[in-house]
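For reference, the structure discussed in these notes is given below.
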Amino acid sequence: MRLALRIFCAGLLGFVALQGSHIVSGIGGGGGGFIQPLTAPVTANFTSENFNVGTGVVTTRSNNTSPVASLSMVQYDPSLTGQIAAVDKPKLAATFTATVALSALSVYPNGASQSVRGMWLSDGANCLIFGYAENTGGLVIFTYTSFAGAGVSISLNTTIGLLGSTFLQWFRIQETASARNYYVSVDGVLWNQVFTESNTAHFTTANYGMAAQDRNSAGWMMMNLYSLAESNP
């Protein structure tokens, strides 16, 4: 009876195993401790975009292997240059579905923040960030005609109170032969489409990844990319 109970409990726990000081769960196919299935980014495929540009700006990148494979980026912008920092890779094909899971945090000792951080598309010059605006927590798309300068915001839902915490954030952009569709999720499984536009709106996508821009307060922006899954479409 006791043996049967232990086996039953082990099944409920997803056969959780200990590896050193880290807990790795078997629920949802693993993922190094996350319940959601993750597709680790192949860091060698990613290019650092617009790093260390602007007076006093310091941008760093780390290709992490432990406790899980991930890619982190930190930018300090003490002079409020507004420069965008990004890491990206070439798109999979002319049509694609790209899904990212990332965490992000801003630290602003000198005032209220208004950073924008999230998923990134670019043609090498024009670009956009699909994510959350720090000052309101609202879901936005900021479009830009360069890696610096003012962006044009498309507000998608200013009632989402997320305020840029470090929890895992899920974004998906799908480009078909005619449309660019934007999605968000809380678990990487169930998705809600929040916006659609022409697949050539603003520019024709060449690369995708993650990016951040400091918009009105000098400080730190930190991001970590845990997952990038790609398919066609």
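The label-point distance for Ala201 and Ala125, in a model that sets each label 7 Å from Cα toward Cβ, rounds to 2.2 nm. Say R0 is 25 Å: what FRET efficiency, to the nearest 0.05, do Asn63 and Ser231 get from their beta-carbon distance? E between Asn63 and Ser231, to the nearest 0.05, is 0.60. Across the range 51-56, coupling constants 3J(HN,Hα) worked out from phi with the 6.51/-1.76/1.60 Karplus curve, θ = phi - 60°, read 6, 6, 9, x, 4, x Hz, and Gly and Pro carry x. Charge tally around Ser48: other residues with Cβ under 12 Å, Lys/Arg +1 each, Asp/Glu -1 each, net 0.
Net charge near Tyr183: determine it from the other residues with C-beta under 15 Å of the C-beta of Tyr183, scoring Lys and Arg +1 and Asp and Glu -1. Write down the numbers at each step before the final one.
Working: positive: Arg172, Arg180; negative: Glu175, Asp187, Glu197, Glu230.
Overall, the nearby charge balance is -2.
How would the range 38-231 be classified by its alpha-carbon gyration tensor: rounded, prolate or oblate, with rounded meaning a/c under 1.5 and the a/b versus b/c comparison settling the rest? Mind dumping the intermediate values first?
On the way: a/c = 1.33, a/b = 1.24, b/c = 1.08.
Taking the square roots of the gyration eigenvalues as a ≥ b ≥ c, the range 38-231 is rounded.
Where a number appears in this text, it was derived from the coordinates with a stated rule and is not lab data. This structure is a prediction, so every number in the text was calculated from the model and none was measured. Here the Cβ is made from the backbone with ideal geometry for all residues, glycine too, and neighbour counts use every protein chain on show.
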